[in-house]
Amino acid sequence: MINSCSSFPGATWVSKFLSIVFLLTMQACSNDAKTHITQSALLQQMQESSAPIIIDVRSGYEYQASHIPAAIHIPFWDTFFTEQLQSYSSTQALVLYCEHGPRAGIAKWGLSLKGFENIRYLQGHMSAWRKAGFPIIPATDK
């Protein structure tokens, strides 16, 4: 009879994996200045043509509905495998956003595993950007 999860051969690996995912999603939902860029700071950089690479990690449906101008769409689950950023330096500044934060945390992990070092989150993510009335690319009528 199995008395605990520690008897399961992959229990240690699974618990470490889940801990990492939990910590990254919580970090993405915070507002720490070291890990986040404010909406107004990003907008200013965009207006000055000095913006980092902006990555929308939401679903294709959400991206098509509206997104930040110049944002590259890479769904969070694709960040572990994508080659879309292979032409960029691993030290290039990246800003990730989703709707509220958790998916961006997972995406940061995926991009970190691919060697990217300078990754920040958009403070408040897309919901705060939209609420602030900042520019978006709306859905196109077909």
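Evaluate the range 57-79: report whether one residue or more is within 14 Å of His36 (Cα to Cα), without any contact (Cβ under 8 Å) to a residue 60 or more places away in the chain and part of a loop (DSSP other than H, G, I, E, B). Checking the range 57-79: not a single residue is within 14 Å of His36 (Cα to Cα), without any contact (Cβ under 8 Å) to a residue 60 or more places away in the chain and part of a loop (DSSP other than H, G, I, E, B). Pairs are defined by a Cβ separation below 9 Å, a sequence spacing of at least 6 or placement on different chains, a first member in the range 106-128 that is within 13 Å of Thr35 (Cα to Cα), and a second member that is hydroxyl-bearing (Ser, Thr, Tyr) and assigned to a strand (DSSP E or B); the pairs so defined are Lys108/Tyr121; Tyr121/Tyr97; Leu122/Tyr97; Gly124/Tyr97; His125/Tyr97. Taking the range 90-142 as the range and being within 15 Å of Ala41 (Cα to Cα), of a type in the set (Phe, Trp, Tyr) and part of a helix (DSSP H, G or I) as the test, only Trp129 passes. Scanning the range 73-87 for residues that are surrounded by 13 or more Cβ atoms within 10 Å (Cβ to Cβ) and not polar (S, T, N, Q) gives His73, Ile74, Pro75, Phe76, Trp77, Asp78, Phe80, Leu85.
Scan the range 119-136 and tell me whether some residue there is surrounded by fewer than 20 Cβ atoms within 10 Å (Cβ to Cβ), at pLDDT 95 or above and among the aromatic types (Phe, Trp, Tyr). The answer is yes; a qualifying residue exists. Is one or more of the residues making up the range 35-46 aliphatic (A, V, I, L, M), assigned to a loop (DSSP other than H, G, I, E, B) and either at pLDDT 95 or above or closer than 22 Å to Pro135 by Cβ (or both)? Looking through the range 35-46, none of the residues is aliphatic (A, V, I, L, M), assigned to a loop (DSSP other than H, G, I, E, B) and either at pLDDT 95 or above or closer than 22 Å to Pro135 by Cβ (or both). Given the criteria without any contact (Cβ under 8 Å) to a residue 24 or more places away in the chain and either assigned to a helix (DSSP H, G or I) or not hydrophobic (A, V, I, L, M, F, W, C) (or both), does Gln84 qualify? So Gln84 fits the description; yes.
Name the one entry in Lys114, Lys142, Lys108 that is exposed (fewer than 14 other Cβ atoms within 10 Å of the Cβ) and at pLDDT below 95. Reasoning before the result, please.
Details: Lys114 fails: exposed (fewer than 14 other Cβ atoms within 10 Å of the Cβ); Lys108 fails: exposed (fewer than 14 other Cβ atoms within 10 Å of the Cβ).
From the options Lys114, Lys142, Lys108, the qualifying one is Lys142.
The values are calculated or read from the model by the stated rules, or taken from the named source; none is laboratory data. Predicted model, so just to flag it, every value in this text is computed and none were measured. With ideal geometry, Cβ positions are generated from the backbone for all residues, glycine too; neighbour counts draw on all protein chains shown.
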